[in-house]
1. Within 10 Å of each Cβ in peptide B:32-44, how many partner chain Cβ atoms are there on average? Round it to a whole number, please.
2. Restrict the search to the stretch A:96-136; then list the GluC sites (Glu not before Pro) that DSSP places in a loop and that have at most 12 other Cβ atoms within 10 Å of their Cβ.
3. Report, as an integer, the average count of C-beta atoms from other chains found within 10 Å of each Cβ along B:118-128.
4. Enter the per residue convex hull volume of the stretch B:56-114, computed from alpha-carbon coordinates, in Å³ rounded to the nearest integer.
5. Counting partner chain Cβ atoms within 10 Å of every residue's Cβ in B:56-64, what's the average?
6. How are the alpha carbon pair distances in the stretch B:32-81 distributed across 10 Å bins from zero to the largest one, expressed in percent?
7. Using the crude model of +1 on Lys and Arg Cβ and -1 on Asp and Glu Cβ, and no other charge, please compute the dipole size for the stretch B:35-140 relative to its Cα centre, in debye to 20.
8. What do you get when you divide the Cα radius of gyration of the protein assembly as shown by 2.2 N^0.38 Å, with N the number of residues?
Amino acid sequence: MAESETREIATKEKQQLAKPQEQTRPGRYYVPDVNIYEFEDSLKLWADMPGVRDKDVNVTLKDGVLTLVGQVATEMYSGLRPLYTEYNVGNYHREFSLHEDIDESRIKATLRNGVLELELPKKEKAKPRQIEVQGA
Amino acid sequence: MALVRFDAGLDPIGALLGLQDELERFMRNPAFTTGPSGFGAFPPVNIFESPEGALIVAEAPGLDPTKINVTGTAHTLSISGERRFESDGKGRGYHRRELSEGKFSRSIQLPDEYEAGRAEARYEAGLLTIKVPRSEQSRPRQISVQSA
């Protein structure tokens, strides 16, 4: 499509997590932007978490609630003095309640270039199945 | 002059809190201009200084590192690239679609004491960091005091 060829990326201001639960770790939390795409037998999720390294990301699925948490690395800022800033730095937190039955044991998570990629395979029984209608 | 209160390594939480406060104080610092493409242009940048020079940290997740273009001339840095998602039409569709894709390009004007032509860039964890050294003339020099 010619239109998509020239489309430019829009800058969105980071959204601060409005009402987080009581936290033991203080500081600002931001809501990572996501794409969620549904396939026949799985869901795929991408979440932007710039500044987070793979050891600092935590994904949990409990009682149908998927929680994504990323802790941002701050060592690189040590000894630097800000001159001008356009965004703040913080950890990421977002939760989703999943309607689909997900097979927890087969969830795959990878972090690549600051994007968390999650593959959430549906449980067998959640897949559509053709039911044979029998005549009388 | 700001005091650098964030000292990572000792206390990661305190370091983050200090960093957040410090960044807040310099948010869109009116005393600093990035030139024609300012706030609102992609990617958003934070600019820091150290004794060696300036450090620009741009939040640009999900890029192919081989397709990021950084050029430096005199005191101006230009960043351009593109973010693309592989499309797979076989699925049922999007439940959420908040990430934007497309091309971007912005330029950043630095004060005269920085030499953008000698900048070094690195892409890691979705952050593009560009180190711009200070020019020789602008570095502090010890002046020896001679006695009569």
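Each value in this text was obtained by applying a stated rule to the coordinates, not by laboratory testing. Keep in mind the model is a prediction, meaning the values are calculated, not measured. Here Cβ is always computed from backbone atoms with ideal geometry, including for glycine, and neighbour counts include all displayed protein chains.
1. Values: counts 4, 1, 2, 0, 0, 0, 2, 6, 4, 4, 5, 5, 8.
Rounded to a whole number, the mean comes out at 3.
2. Details: sites: A:100, A:104, A:117, A:119, A:124, A:132; in loops: A:100, A:132.
Here the GluC sites (Glu not before Pro) that fit, given the DSSP loop and packing criteria, are A:132.
3. On the way: counts 0, 0, 0, 0, 0, 2, 7, 15, 10, 9, 2.
Per-residue shielding by partner chains comes out at 4.
4. Working: hull volume 5.4 nm³, N = 59.
Hull volume over Cα atoms, normalised by residue count, gives 91 Å³.
5. Details: counts 2, 8, 3, 10, 5, 14, 8, 3, 1.
Mean inter-chain Cβ contacts per residue within 10 Å come to 6.
6. P(r) over the stretch B:32-81, rounded to whole percents: 19, 58, 22, 0.
7. On the way: 14 positive and 15 negative charges, 101 e Å.
With Lys and Arg at +1 and Asp and Glu at -1, about 480 debye.
8. Numbers: Rg = 22.7 Å, N = 284, 2.2 N^0.38 = 18.8 Å.
This ratio for the protein assembly as shown stands at 1.21.
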